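Here is the structure we will look at, set down as structure tokens.
Read-outs: derived from the displayed coordinates by stated rules, not from any lab. In this text, all values refer to a predicted model and were calculated from it rather than measured experimentally. Cβ placement follows ideal geometry from the backbone for every residue including glycine, while neighbour counts extend to all protein chains displayed.
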Amino acid sequence: MNPLNHVAIIMDGNGRWGLKYKNSRNEGHKAGLNTVEKIIKETIRQKIKYLTLYAFSTENWNRPKNEINFLFDLLENFLSKKIEELNKQNIKLNIVGVKKFSTKLNKLLNHSEKKTSKNTRLQINLALNYGSKFEILDAFKKLSKNGDKINEKNLTRYLQTKNIPDPELLIRTGDKKRLSNFLLWQLAYAEIFFEKKLWPDFDEKDYIKIIKKYKKIKRNFGNI
Ligand code: IPE
Ligand code: IPE
Ligand code: MG
């Protein structure tokens, strides 16, 4: 059975779900939060140590202003309501991506990270304003500025995911088979599951099924 320490998820399909059932993309984002809570619970139950959730990409700034504002309000509400509970559950929150939001949200994110920084049960990496190409370029810039030797180990020290093991498993919901600029370096050897269901319809049963399948895969890493 393959070990599983880190699951990464591209939570896609909220907008389509919202349009289909509530005639509003934003309602889909709201519904998606329930899935986030279910998946966090199951991740803890499975004793997985890292969960990385793609919540907002650098390309998502291209969306209409009203949707962007809605998403960040939703996040702000969710975090300010739930951070106490996450902390009690011994969950550490870590933001990957560039924290360039409203002063209020920046503060809330910093506060939430600081408050939970000593927690050990599960680390949730929330990818917000995250883009993998930017991350890799930025790491190279820092590497060369500091005059470090260019090698794999040194480069990973400058990635936003430093100190986090690479995900063994990537799940993308929402029936699209692409990476959308997510963890391009870190997913080099991940097992990838593309799930037809839209994110708000995805649940712990679907998640467990994928984990079971993942555990049985023969992982070669170039060997035979
Ligand atoms: C993913 O769902 C959530 C974010 C990008 C914030 P989408 O909003 O991309 O949903 P679809 O793909 O349009 O259905
Ligand atoms: C990827 O979904 C980003 C997140 C889930 C946050 P998108 O819906 O933005 O991806 P594309 O644009 O369809 O590739
Ligand atoms: Mg999408």
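Tabulated results
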read-out: Compactness of the chain as Cα Rg over 2.2 N^0.38 Å, two decimals; value: 1.01
read-out: Fraction of antiparallel bridges per DSSP, the chain only, in percent to nearest 5; value: 0
read-out: Additional length obtainable on full extension of the chain from residue 142 to residue 212, 0.36 nm per residue less Cα span; value: 21.2 nm
read-out: Virtual paramagnetic centre 7 Å along Cα→Cβ of residue 175, amide N under 16 Å, in the stretch 8-24; value: 12-22
read-out: Length gained when the stretch residue 72-residue 152 is fully extended (0.36 nm per residue, less Cα-Cα span); value: 25.3 nm
read-out: Phi to ³J(HN,Hα) by Karplus 6.51 cos²θ - 1.76 cosθ + 1.60 over the stretch 14-24, Hz, x for Gly, Pro; value: 4, x, 5, 4, x, 5, 5, 9, 10, 6, 7
read-out: Proximal charge balance of residue 92 [Cβ under 11 Å; K/R count +1, D/E count -1]; value: +4
read-out: Magnitude of the charge dipole, the chain, Cβ model with Lys/Arg +1 and Asp/Glu -1, debye to 20; value: 340
